[in-house]
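Structure, as structure tokens:
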Amino acid sequence: AVVSTQSTGEFNRERYMNQGLEFYRLLNYAGLTTCRFNLFKTQLRFLKSGGETTISPDKVLPVSVYNPSTQAIAVSKLITMPDKAETLALPVPSHYLLECFLHQGASEVLFGSVPKSYPILQLDCYFSLGESVNTVSTSLQNLPNLNKEFGGLILYFSAQRLRTLQLRTLKFVAGAKLCLIARDREELREEILRLDLEENWRFRFRDEFKTASKDKPIYFLTGTYV
């Protein structure tokens, strides 16, 4: 199959590496089978060659990189409240912490009260929410074809092309959960106003969090559909 592509959005080097995101979305629209692997395990082996000194692992892997296989961190430690003074700051990329939290804690912390028969909608993004959470990941272009009720919604970096009228076409069950993800607290508030989210979603200040990363944390706010 031949699928034409075009560049949309800003390429985020902190999250993506050598990926044609628009191409993958168009593959999905074309009805072609695609597969994403959420977990890879690799093993490094250092060998001496020709009498040379063995390559030091420190020169290959940064010492500051967090290794989840040797450093078990509780789900609650991956995120923190923005105004909390004493937090465990991890030397880990914020996107990685966010994905770890959503994968490990989405079923209980975010969407635990939502009936499993209603899927969680992800617009213009994909996160693994664990095996027990039913999800639908799609593009804004496909919104007119979504004729079902959802138990939750994830807006990643606000899905900048999303408009209020588009959001109102979506159907959610009472008590559905919203997870709004942004680069900072100011952007969270701007998107709440831009999309008029307070009309149908209830927010509380204690439901605002950020990743427990040292540099450039990602912020997110949860809400309930009323």
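Less than 5 angstrom separates the built amide H of Asn134 from those of Ile120, all sequence-distant by 5 or more or on a different chain.
For region 87-152, the spread of Cα positions along the three principal axes, ordered from largest to smallest, is 43, 27, 18 Å. Amide H contacts of Ile79 (H built 1.01 Å from N, in plane; Pro and chain starts excluded): Ala212 sit under 5 Å, all sequence-distant by 5 or more or on other chains.
When Rg and the Kirkwood Rh are both derived from Cα coordinates, the Rg/Rh ratio for region 121-226 amounts to 0.94.
So, counting K/R as plus one and D/E as minus one, what does the shell of residues with Cβ under 11 Å around Val109 add up to?
Details: positive: Lys177; negative: Glu108, Asp207.
Neighbourhood net charge equals -1.
Please go through the residue pairs Lys84/Lys210; Lys148/Lys177; Lys116/Lys171; Lys148/Lys171; Lys77/Lys116; Lys84/Lys177 and name each one whose alpha carbons sit more than 18 Å apart in this structure. Intermediate values should be presented prior to the final figure.
Working: Lys84/Lys210 10 Å; Lys148/Lys177 16 Å; Lys116/Lys171 16 Å; Lys148/Lys171 7 Å; Lys77/Lys116 26 Å; Lys84/Lys177 24 Å.
Long pairs (Cα-Cα over 18 Å): Lys77/Lys116; Lys84/Lys177.
Taking all protein chains into account, the per residue accessible area for region 123-221 stands at 50 Å² (1.4 Å probe). Amide H contacts under 5 Å for Asp124: Thr138, Ser139, Leu140, restricted to partners 5 or more places along the chain or on a different chain, H placed in the peptide plane at 1.01 Å from N. Residue by residue, region 168-179 carries 3J(HN,Hα) couplings of 5, 6, 7, 10, 10, 7, 4, x, 4, 10, 10, 10 Hz when phi is fed to the Karplus relation 6.51 cos²θ - 1.76 cosθ + 1.60 (θ = phi - 60°); x denotes Gly or Pro. Only Lys, Arg, Asp and Glu carry charge here, each on its Cβ (+1 for the first two, -1 for the last two); on that basis region 75-125 has a dipole of about 120 debye about its Cα centre.
The values are calculated or read from the model by the stated rules, or taken from the named source; none is laboratory data. The structure presented is a predicted model; accordingly, all values stated were derived computationally and were not measured. Please note: Cβ atoms are built from the backbone with ideal geometry, for glycine as well, and neighbour counts cover all protein chains shown. These area figures cover heavy atoms from the full protein model, side chains too; ligands, DNA and RNA do not enter into them. Shrake-Rupley method; radii C 1.70, N 1.55, O 1.52, S 1.80 Å.
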